[in-house]
Amino acid sequence: MPEHESEASRLLGVRLRHRRRELELNQESVAHRAGLNVSNYARIDRGNGNPTFHTLIRLADVLSLEVADLVTGLTKEQLPPDRDSLGLVDP
């Protein structure tokens with residue numbers, strides 16, 4: 001199933017990119033320090049990814065942030081539609 005873009009992912013990307021630039025780091029250095037594939041990190045940084053919880057912890061550590069700094073204020077309304085609303089749940 002294709003990944004749906006979401007406002008939550010976009011905002012996460014904005015927060016990551018802002019902090020990365022504050023620290024004068026490029027995407028490649030953040031990805032390597034976090035143990036991530038550069039293209040996967042770049043997708044998250046652009047606001048198109050859906051990182052795992054463990055990835056969020058790694059990124060927060062590399063960027064000297066708390067995970068809460070990355071996710072505070074994000075709401076369910078900013079997520080893509082769930083399986084129920086897309087009609088993908090088996091009866």
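Derivation of every value follows stated rules applied to the coordinates shown; laboratory data play no part. Because the structure is predicted, anything quoted here is derived from the model rather than measured. Cβ: placed from backbone, ideal geometry, glycine included. Neighbour counts: every protein chain shown.
Taken over segment 43-56, residues that are over 10 Å from G13 (Cβ atoms), surrounded by 15 or more Cβ atoms within 10 Å (Cβ to Cβ) and either without any contact (Cβ under 8 Å) to a residue 24 or more places away in the chain or touching a strand residue (DSSP E or B) at 6+ places or on another chain (Cβ under 6 Å) (or both) amount to 2.
How many of the residues in segment 10-29 are of a type in the set (G, A, S) and farther than 15 Å from A68 by Cα?
So the answer is 1.
Looking only at segment 57-86, which residues are among the hydrophobic types (A, V, I, L, M, F, W, C) and surrounded by 11 or more Cβ atoms within 10 Å (Cβ to Cβ)? Within segment 57-86, I57, L59, A60, V62, L63, L65, V67, L70, V71, L74, L79, L86 qualify. Could you please give the count of residues in segment 1-41 that are surrounded by 14 or more Cβ atoms within 10 Å (Cβ to Cβ), over 10 Å from the mean Cα position of the chain (by Cα), farther than 17 Å from P81 by Cα and of a type in the set (G, A, S)? Residues flagged as surrounded by 14 or more Cβ atoms within 10 Å (Cβ to Cβ), over 10 Å from the mean Cα position of the chain (by Cα), farther than 17 Å from P81 by Cα and of a type in the set (G, A, S) within segment 1-41 amount to 3.
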